[in-house]
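A short write-up of the structure that comes next.
The values are calculated or read from the model by the stated rules, or taken from the named source; none is laboratory data. This one's a predicted model, so the numbers in the text were calculated from it and none came from an experiment. Ideal geometry is used to build each Cβ from the backbone, glycine not excepted, and the neighbour counts take in all protein chains shown. When the accessible area is computed, the model is the full protein with side chains, heavy atoms only, and any ligands, DNA or RNA have been set aside. Shrake-Rupley method; radii C 1.70, N 1.55, O 1.52, S 1.80 Å.
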Amino acid sequence: MERLAGAPGVLYVIACAAPAAAGLPHLIHIAQALGWRVHVVATPMGERFLDVPELERLTGDRVRTTYRMPGE
């Protein structure tokens, strides 16, 4: 995959309720090594399969699991 010169790469990872979600730390390490900024969004049930504090530490951003209203 090629990125536009000078444009930062942002990868949004969507996690649902599946055992594969437990492998997200490995995916995040790979993506970051390739220069991507990674953000994680999880369904409410998907959150049960994640180590949220670890993912937040790895990405430097909170794991989003709920909607927000315009203006929030």
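Can you tell me which residues in the stretch 56-72 are modelled with pLDDT of 95 or more, hydrophobic (A, V, I, L, M, F, W, C) and open to solvent by 90 Å² or more (accessible area, probe 1.4 Å)?
Across the stretch 56-72, there are no qualifying residues.
What residue, of PRO53, PRO8, PRO19, PRO44, is modelled with pLDDT of 95 or more and either open to solvent by less than 70 Å² (accessible area, probe 1.4 Å) or not acidic (Asp, Glu) (or both)? Working first, answer last.
Working: PRO8 fails: modelled with pLDDT of 95 or more; PRO19 fails: modelled with pLDDT of 95 or more; PRO44 fails: modelled with pLDDT of 95 or more.
None of the other options fit; the residue is PRO53.
Within the stretch 28-62, which residues are without any contact (Cβ under 8 Å) to a residue 24 or more places away in the chain, closer than 21 Å to ALA17 by Cβ and not charged (D, E, K, R)?
PRO44, VAL52, PRO53
Considering only the stretch 17-27, state which residues are without any contact (Cβ under 8 Å) to a residue 24 or more places away in the chain and more than 11 Å from the chain's Cα centre (by Cα). Break it down into steps so the answer makes sense when it comes.
Applying the first criterion (without any contact (Cβ under 8 Å) to a residue 24 or more places away in the chain) to the stretch 17-27 yields 20, 23, 26-27.
Residues satisfying the conditions are ALA20, GLY23, HIS26.
Listed here are the residues, each with its yes/no results for (1) under 9 Å from the mean Cα position of the chain (by Cα); (2) charged (D, E, K, R).
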site: TRP36; (1), (2): no, no
site: GLU54; (1), (2): no, yes
site: THR59; (1), (2): yes, no
site: GLY71; (1), (2): no, no
